[in-house]
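Worksheet: one structure, shown below.
The values are calculated or read from the model by the stated rules, or taken from the named source; none is laboratory data. Only a predicted model underlies this, so the values are computations on that prediction, with no experimental measurement involved. Positions of Cβ are generated from backbone atoms using ideal geometry, with glycine treated the same way; all protein chains shown enter the neighbour counts. For the accessible areas, the whole protein counts, side chains as well, though only heavy atoms, and no ligand, DNA or RNA atoms are used. Shrake-Rupley method; radii C 1.70, N 1.55, O 1.52, S 1.80 Å.
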Amino acid sequence: MPAPSGEPAAAPASAVAPTLAELMDYVRGAARDEALIASLPLDPEERTWIRLDGPGGSEAWLIGWPPGTGTGWHDHADSFGAFTTAAGTLTEHSLAVRLPTDGWRTLELKDGVDRTRELATGQGRAFGQNHVHEVLNDSGTVHAVSVHAYYPPLPRIRRFSRTGPVLRLEQTERPEDWQ
């Protein structure tokens with residue numbers, strides 16, 4: 001099963017990109033690895049994470065979610081990925097719309113683009129490039145843990161704020177901001 005690592009793994013030149021199905025298989029398998037899940041230190045107030053070696057040069061993370069925490073609205077730029085809840089329940093709010101990649105600050109969203117999923121232990125999902133979502137642990141008392149994998153390794157994350165139908169680009173983060 002995946003081993004934690006401190007540095008991003010560079011994909012070998014001959015590596016074949018993993019498919020969405022392979023990323024999903026990976027996060028499901030890692031989520032069932034009790035020793036791996038137990039290795040994650042849990043903080044009562046802040047999310048915690050461990051970088052993992054994903055398949056085919058992908059970027060993977062084991063993430064701990066204290067009660068009431070979340071990511072805020074964001075995307076993963078040109079990366080596609082998958083995640084699975086290993087413990088607890090996570091809620092994902094997502095947008096069924098493809099955003100422009102660059103050159104905008106504010107968009108008004110149309111009706112009917114909002115989607116909500118509850119992902120209990122063992123449940124997960126895969127997603128394509130430029131997938132906009134927020135992930136939350138809505139529990140008031142129970143930690144959640146999840147496993148995520150992205151390919152190619154995240155080149156950037158765009159963070160958004162949302163007020164009603166208005167989505168505003170607030171910031172762009174690069175790997176050096178979270179590793």
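Please report, ordered by residue number, the strands (runs of 3 or more DSSP E) entirely within the stretch 112-153 with at least 1 residues that are touching a residue at least 12 places away in the same chain (Cβ under 8 Å) and under 18 Å from ARG32 (Cβ atoms). Talk me through it step by step, then tell me what you get.
Working: elements: 114-120, 124-127, 133-136, 144-151.
The qualifying strands (runs of 3 or more DSSP E) are 114-120, 124-127, 144-151.
Tell me which of these PRO55 doesn't satisfy, since it passes every other one: (1) open to solvent by less than 60 Å² (accessible area, probe 1.4 Å); (2) closer than 18 Å to HIS133 by Cβ.
So PRO55 meets the others, but not (2).
From the residues in the stretch 87-105 that are in a loop (DSSP other than H, G, I, E, B) and under 14 Å from HIS131 (Cβ atoms), which one is most open to solvent (accessible area, probe 1.4 Å)? Full working, then the answer.
Quick first cut of the stretch 87-105, residues in a loop (DSSP other than H, G, I, E, B) only: 88, 96-105.
Okay, now just the ones that are also under 14 Å from HIS131 (Cβ atoms), so 96-99, 101.
Numbers: ALA96: 57, VAL97: 53, ARG98: 156, LEU99: 8, THR101: 59 Å².
The selected residue is ARG98.
Going by the conditions given, is ASP111 of a type in the set (Asp, Glu), open to solvent by 30 Å² or more (accessible area, probe 1.4 Å), out of contact with any strand residue (DSSP E or B) (no Cβ under 9 Å at 6 or more places or on another chain) and under 18 Å from TRP178 (Cα atoms)? Can you show your working first?
Numbers: of a type in the set (Asp, Glu): yes; open to solvent by 30 Å² or more (accessible area, probe 1.4 Å): yes; out of contact with any strand residue (DSSP E or B) (no Cβ under 9 Å at 6 or more places or on another chain): yes; under 18 Å from TRP178 (Cα atoms): no.
For ASP111, the condition - of a type in the set (Asp, Glu), open to solvent by 30 Å² or more (accessible area, probe 1.4 Å), out of contact with any strand residue (DSSP E or B) (no Cβ under 9 Å at 6 or more places or on another chain) and under 18 Å from TRP178 (Cα atoms) - is not met.
If I go through the stretch 80-109 residue by residue, how many of them are modelled with pLDDT of 95 or more and not hydrophobic (A, V, I, L, M, F, W, C)?
9
Could you check THR84 against (1) surrounded by 15 or more Cβ atoms within 10 Å (Cβ to Cβ); (2) on the phi > 0 side of the Ramachandran plot and say which number it fails?
(2)
Residue under question is THR116, and the condition is that it be open to solvent by 60 Å² or more (accessible area, probe 1.4 Å) and modelled with pLDDT of 95 or more; does it hold? Don't jump to the end; show me each part of the working.
On the way: open to solvent by 60 Å² or more (accessible area, probe 1.4 Å): yes; modelled with pLDDT of 95 or more: yes.
Yes.
Taking PRO8, is it assigned to a loop (DSSP other than H, G, I, E, B) and at pLDDT 95 or above? Spell out how you get there, then give the answer.
On the way: assigned to a loop (DSSP other than H, G, I, E, B): yes; at pLDDT 95 or above: no.
No: the conditions fail for PRO8.
Which residues, taken from the stretch 137-179, are within 14 Å of the chain's Cα centre (by Cα), open to solvent by less than 40 Å² (accessible area, probe 1.4 Å) and modelled with pLDDT of 95 or more?
ASN137, ALA144, VAL145, SER146, VAL147, HIS148, ALA149, TYR150
Given the condition touching a Gly at 6+ places or on another chain (Cβ under 7 Å), of a type outside the set (Ser, Thr, Tyr) and open to solvent by 60 Å² or more (accessible area, probe 1.4 Å), answer yes or no: does some residue in the stretch 127-135 qualify? Before the answer, list the steps.
Step one: of the stretch 127-135, the residues touching a Gly at 6+ places or on another chain (Cβ under 7 Å) are 127, 134-135.
Next, from what is left, pick out any that are of a type outside the set (Ser, Thr, Tyr): 127, 134-135.
Add one more test, that the residue is open to solvent by 60 Å² or more (accessible area, probe 1.4 Å), and what stays is none.
No; the residues of the stretch 127-135 include none that is touching a Gly at 6+ places or on another chain (Cβ under 7 Å), of a type outside the set (Ser, Thr, Tyr) and open to solvent by 60 Å² or more (accessible area, probe 1.4 Å).
Those residues that are part of a loop (DSSP other than H, G, I, E, B) and either more than 19 Å from SER79 (Cβ to Cβ) or of a type outside the set (A, V, I, L, M, F, W, C) (or both), I need them from the stretch 154-170; list them, please.
In the first step, residues of the stretch 154-170 are kept if they are part of a loop (DSSP other than H, G, I, E, B); the result is 154-156, 164-165.
Hits for the stretch 154-170 are PRO155, ARG156, GLY164, PRO165.
Six or more apart or on different chains, Cβ atoms under 6 Å: show the pairs whose first residue is in the stretch 19-45 and open to solvent by 40 Å² or more (accessible area, probe 1.4 Å) and whose second is part of a loop (DSSP other than H, G, I, E, B).
Pairs found: LEU42/HIS143; PRO44/PRO66; GLU45/PRO66.
Scan the stretch 24-54 residue by residue and report those that are over 20 Å from LEU119 (Cβ atoms) and not aliphatic (A, V, I, L, M).
SER39, PRO41, ASP43, PRO44, GLU45, GLU46, ARG51, ASP53
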